[in-house]
Amino acid sequence: MTRRQIVLPALVLLAAVIVLLVWNNLGNNLVYYLTPSEALEQRGGPEAGGRFRLGGQVEEGGIEETEDGVRFAVGDGAASITVVHTGAPPQLFREGIGVVVEGAWEGGRFHSDVLLIDHDEQYRAPDGEGAYEVPAGPAVPAVEG
């Protein structure tokens, strides 16, 4: 056997293993979710009562604190679902923000124990006007070396 007959199949096998590992890890890290319209449509489906992720916008005027968490409505413009979340919501949780909650149907409500929020990296000043600017401070002396 020549060296080429050994190296070529080994490289193909190595490439296949790498692709398999990347594909497997990518699949585990993707976040799939249903919109409120899709969740209501599939509610009586084959996996009724099973856990899934629900994504949408927190509707205006509906956030209410409960003994062990928060209750709010998630909508997609066509449908709305009441979510009862157990646990403290993230600090940036508010009306109008995009969320993904994980849980299951219990009666007519969606009960969740995982709450992820969608936010941007732009910090706003406490008054909400404009982007945050770093205050000017004393000049830092140059270091000679």
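One table, with the values for the structure above:
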read-out	value
Long-range neighbours under 6 Å by Cβ, at least six apart or interchain, first residue over 10 Å from Leu54 (Cβ atoms) and touching a residue at least 24 places away in the same chain (Cβ under 8 Å) within segment 103-119, second open to solvent by less than 60 Å² (accessible area, probe 1.4 Å) and polar (S, T, N, Q)	Arg109/Thr82
Boolean, Val140 is modelled with pLDDT under 90, of a type outside the set (Phe, Trp, Tyr) and out of contact with any Pro (no Cβ under 6 Å at 6 or more places or on another chain)	yes
Positions within segment 78-102 being without any contact (Cβ under 8 Å) to a residue 24 or more places away in the chain and touching a strand residue (DSSP E or B) at 6+ places or on another chain (Cβ under 8 Å), in sequence order	Ala88
Answer from Glu47, Glu95 - the residue that is open to solvent by 60 Å² or more (accessible area, probe 1.4 Å), in a loop (DSSP other than H, G, I, E, B) and at pLDDT 85 or above	Glu95
Contacts under 8 angstrom Cβ, first residue in segment 49-67 being free of Cβ contacts under 8 Å to residues at least 40 places away in the same chain, partner assigned to a loop (DSSP other than H, G, I, E, B) and open to solvent by 40 Å² or more (accessible area, probe 1.4 Å), 6 or more apart	Glu59/Glu95; Glu60/Glu95; Gly61/Glu95; Gly62/Glu95; Ile63/Arg94; Ile63/Glu95
Qualifying residue in segment 61-75 (condition: surrounded by 10 or more Cβ atoms within 10 Å (Cβ to Cβ), part of a loop (DSSP other than H, G, I, E, B) and of a type outside the set (A, V, I, L, M))	yes
Long-range neighbours under 6 Å by Cβ, at least six apart or interchain, first residue at pLDDT 65 or above within segment 25-44, second assigned to a loop (DSSP other than H, G, I, E, B)	Thr35/Asp76; Pro36/Asp76; Pro36/Ala79; Ser37/Asp76; Ser37/Ala78; Ser37/Ala79; Leu40/Ala79
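The values are calculated or read from the model by the stated rules, or taken from the named source; none is laboratory data. Note that the structure is a prediction, hence the values are computed from the model and not measured. So basically every Cβ, Gly included, is an ideal-geometry build from the backbone, and we count neighbours across all protein chains shown. In case anyone asks, the SASA skips ligands and DNA or RNA and just uses the protein heavy atoms, side chains included. Shrake-Rupley method; radii C 1.70, N 1.55, O 1.52, S 1.80 Å.
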